[in-house]
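Colleague: Quick one: the structure is below, questions incoming.
Please treat every number below as a calculation from the coordinates, not as lab data. Computed from a prediction, not measured in an experiment: that's the story for all the values here. Backbone-built Cβ (ideal geometry, glycine too); neighbour counts: all protein chains shown.
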Amino acid sequence: MDFFVVYGLTIISVIITVLAQVFVEGSYSKYKKVHNEKGITGMQAARYVLDNNGLTDVKIEEVSGHLSDHYDPRDKTVRLSSDNYRGDSIASVSVACHECGHALQDKDGYLFMRIRHSLVPIVNFS
């Protein structure tokens, strides 16, 4: 019985993860084609959010990859994939602002962000 419970929960978890990824990719692809009215890039939006929240010391860097965007609390850097760093789509600005939200969580000492950050090396290893 335990065998079926463990594998059943694992399969359900994998299905939920795949469905979430499909939804994110679909939404990103749709809104990557829609330019924002201000014509600002993801990098400009990120700098605006960070500066207006007193995080002028947080760096913004361009990285390679597709949706490889992330915030690194170790060196206080928002890393945006080239499409989002240079892009002026709604998707680019949304992803950039989302990553800045993690910087704001770090500034506020948000507990779940610290827990997530501590789990990253374990997840990367496994």
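Colleague: What spacing in nm lies between the two simple spin-label points modelled at residue 3 and residue 122, each 7 Å away from Cα in the Cβ direction?
Modeller: It is 2.8 nm.
Colleague: How much mean residue ellipticity at 222 nm does the chain get from its helices, if each DSSP H run of length 4 or more adds -39500 (n - 2.57) and you divide by all residues, to the nearest 500 deg cm²/dmol?
Modeller: After summing the helix terms and dividing by residue count, I get -20500 deg cm²/dmol.
Colleague: Related question: Rank by packing, highest mean first: peptides 60-69, 9-18, 41-50, with packing defined as the count of other Cβ atoms within 10 Å averaged across residues. Don't jump to the answer; show the numbers that get you there.
Modeller: Details: 60-69: 13.7, 9-18: 10.0, 41-50: 21.9.
With the highest mean Cβ count within 10 Å placed first, the list reads 41-50, 60-69, 9-18.
Colleague: If I require 30 Å or longer along the helix axis, counting alpha carbons, and a Kyte-Doolittle average no lower than -0.5, what helices from the chain are left? Use full DSSP H segments.
Modeller: Helices meeting the criterion: 2-31.
Colleague: Taking amide H positions as placed in the peptide plane 1.01 Å from N, state which residues far from residue 69 in sequence (5 or more) or on other chains have amide H under 5 Å from it.
Modeller: Here the answer is 81, since their amide H atoms fall under 5 Å of that of residue 69.
Colleague: While we're here: Which ³J(HN,Hα) values, rounded to whole Hz and listed in residue order, are derived for segment 71-87 from phi using the Karplus coefficients 6.51, -1.76 and 1.60 in 6.51 cos²θ - 1.76 cosθ + 1.60 with θ = phi - 60°, glycine and proline given as x?
Modeller: Residue by residue, segment 71-87 yields 10, 10, x, 5, 10, 6, 9, 8, 10, 10, 4, 3, 4, 7, 5, 9, x Hz.
Colleague: Let me know the number of lysine pairs in segment 14-118 closer than 21 Å at the Cα, not counting same-chain pairs under 8 apart.
Modeller: The number of close lysine pairs in segment 14-118 is 4.
Colleague: Another question, then. Between 76, 38, 30, which gets the highest mean-square fluctuation from a Gaussian network model of the chain, Cα cutoff 10 Å?
Modeller: Highest fluctuation among the options: 38.
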